[in-house]
1. Under a 1.4 Å probe, what is the accessible area of the chain per residue, stated in Å²?
2. With r defined as the distance between the Cβ atoms of residue 178 and residue 131 and R0 fixed at 35 Å, what FRET efficiency is calculated, to the nearest 0.05?
3. If each residue of separation counts as 0.36 nm, what is the full-extension length gain between residue 36 and residue 116 once their alpha-carbon separation is subtracted?
4. Per the Kirkwood definition applied to all pairs of different Cα atoms, how many angstroms is the hydrodynamic radius of the chain?
5. Using a 1.4 Å probe on the protein heavy atoms, what percent of the accessible area of the stretch 108-169 belongs to carbon and sulfur?
6. Would you kindly state how much longer the chain becomes between residue 104 and residue 3 on full extension, computed as 0.36 nm times their sequence separation minus their alpha carbon distance, in nm to one decimal?
7. Just how much of residue 189 is accessible, in Å², when a 1.4 Å probe is used and the result is rounded to the nearest 10?
8. Normalised by the residues of the stretch 1-106, what does the relative contact order come to in percent, with Cα pairs under 8 Å and at least six apart?
Amino acid sequence: PGQRVEVSLLGSLLSGLSNHSSGYLAAGVVPGALGNAHPSIAPYEVYQAADRPLVIAAGNDRQFERLCTALGAPGLAAQPRFAANRDRVAHRTELAEELNRLLSARGADAWFAALSEAGVPCGPINDLAEAFALAERLGLDAVAQVADPRRGRTLRQVAHPIAFSETPARYRSAPPRLNEDGDELRRLLARYAEQTAPRRERRD
């Protein structure tokens, strides 16, 4: 049977803040602003390579050791202030300074290749052009070519992100110009209003 589904924006937000929400409900901890940093793991935030930002998410001590080795500073992982995750969280500012200094030697793409090879989760922060280029390299077909006979050309549009094996998305028309389909839309809305008027009157 059908059912009514209600979703609130605030409830969705509180659910999405899983780490912070759980910490507050279980221990009464109200977190401060951390930007892109993780509240209980370090290094797990945005750092600066020579050309652009890079996200590094070393979620455990072994990954941190591999990170330090790949950065050419294996001794960093043995320092008492960085030896365990709790130590790195307590000294996250000093750790970020050390990592930014080491990362400044190369560009984000070079570090992405080196750190990925070492098994360290990471990734450059892409602008839109770089994001579409990455999608193309990965074969994701993120761009749809939509025929627009009214203008006599083909438009590039963002493709539907879900791939259906049996019923792939179809792009039947290009975006209209301002008010291009206005008359038809108003007719449809008027017809809908006429069809639903009796139901609205019954509810009232």
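The values are calculated or read from the model by the stated rules, or taken from the named source; none is laboratory data. Nothing here was measured: the structure is a model prediction, and the numbers come from that model. Here the Cβ is made from the backbone with ideal geometry for all residues, glycine too, and neighbour counts use every protein chain on show. Accessible surface is based on the protein model in full, side chains and every heavy atom, while ligands, DNA and RNA are left aside. Shrake-Rupley method; radii C 1.70, N 1.55, O 1.52, S 1.80 Å.
1. About 72 Å² of surface per residue is accessible.
2. 0.80
3. Contour length minus Cα-Cα distance gives 26.8 nm.
4. Kirkwood hydrodynamic radius for the chain: 22.3 Å.
5. 58 percent
6. Additional length available on full extension: 30.8 nm.
7. 100 Å²
8. 22 percent
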